[in-house]
Structures are given as C-alpha cells and as structure tokens.
1. Scanning the stretch 56-82 for residues that are exposed (fewer than 13 other Cβ atoms within 10 Å of the Cβ) and either in contact (Cβ under 8 Å) with a residue 40 or more places away in the chain or of a type in the set (Phe, Trp, Tyr) (or both), which turns out farthest from Gly25 (Cα to Cα)?
2. Just checking, how many residues over the stretch 19-33 are among the hydroxyl-bearing types (Ser, Thr, Tyr) and under 16 Å from Ser57 (Cβ atoms)?
3. What's the number of the only condition in (1) open to solvent by less than 60 Å² (accessible area, probe 1.4 Å); (2) in a helix (DSSP H, G or I) that Phe53 fails to meet?
4. Within the stretch 54-82, can you find the residues that are farther than 18 Å from Ile20 by Cα and of a type in the set (A, V, I, L, M, F, W, C)?
5. When the residues of the stretch 23-50 are filtered to those that are in a loop (DSSP other than H, G, I, E, B) and not β-branched (Val, Ile, Thr), which remaining residue is least open to solvent (accessible area, probe 1.4 Å)?
Amino acid sequence: MEAPWKGEKVSLFIRILAIIFIICGLIAFCSLLFALFERGNVNFDNLGFRDVFGMLSAPYCFLLFLKVAVTGHAPKSWIPWK
C-alpha cells in the first residue's frame, strides 16, 4: 500500500507549520523530561489505551513532520526515514 502523498512538494505555509510543530514538540518533550526528573518518581500504573497510543504515535508524527520541515517534500512511503 503506497502513501497518498508519494513525495509531493509541500507549500511554504505547510513547511512553516511543520517547523512550528517540531519546535512545540521539542519544548513539550523537554518540559516533560524536566518535570519527571524534578519529581523523581515515575509511575506508569494508571496508563490507559489513549495514553499508550499517544506515546507510541508521537515519535512517528514527530519524524513525519521533521522530514517535511527539513526537506520540503512529503515522504515517499509511510515510513518517513526511508
């Protein structure tokens, strides 16, 4: 199954939005790490399906947007690093 975007060139507006997403993602990740290290105790007992799905899909979305922000083209496949 091919990706629907197949390496198309993205507009400058979409590329700027991808850059903003990357910056916001890095800020959120750094603040989360800071909060976890400051508190000292990490507890994963109360994780639900939505939390686990979010933790697994966030790196994929980050890499997808990073590819668009850096190259200006959509990835040619579903896997952004190929």
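The values are calculated or read from the model by the stated rules, or taken from the named source; none is laboratory data. Worth saying up front: this structure is predicted, and the values here are computed from it rather than measured. Neighbour counts are summed over all protein chains in view; Cβ atoms, including those assigned to glycine, are modelled from backbone coordinates with ideal geometry. The accessibility values were calculated without ligands, DNA or RNA, using every heavy atom of the protein model including side chains. Shrake-Rupley method; radii C 1.70, N 1.55, O 1.52, S 1.80 Å.
1. We begin by selecting, within the stretch 56-82, every residue exposed (fewer than 13 other Cβ atoms within 10 Å of the Cβ); these are 56-57, 59-60, 70, 79, 81-82.
From what is left, the residues that are either in contact (Cβ under 8 Å) with a residue 40 or more places away in the chain or of a type in the set (Phe, Trp, Tyr) (or both) are 60, 81.
On the way: Tyr60: 12, Trp81: 18 Å.
Step by step, filter the stretch 56-82, then rank; the result is Trp81.
2. The initial filter retains those residues of the stretch 19-33 that are among the hydroxyl-bearing types (Ser, Thr, Tyr), namely 31.
Narrowing the set further to residues that are under 16 Å from Ser57 (Cβ atoms) leaves none.
Final tally of qualifying residues: 0.
3. For Phe53, the failing item is (1).
4. Met55, Leu56, Trp78, Ile79, Trp81
5. So the first thing to find is which residues in the stretch 23-50 are in a loop (DSSP other than H, G, I, E, B), and the list is 40-48.
Those still in the list that are not β-branched (Val, Ile, Thr) too: 40-41, 43-48.
Working: Gly40: 61, Asn41: 92, Asn43: 102, Phe44: 125, Asp45: 123, Asn46: 139, Leu47: 72, Gly48: 31 Å².
Restricting to residues being in a loop (DSSP other than H, G, I, E, B) and not β-branched (Val, Ile, Thr), the top hit is Gly48.
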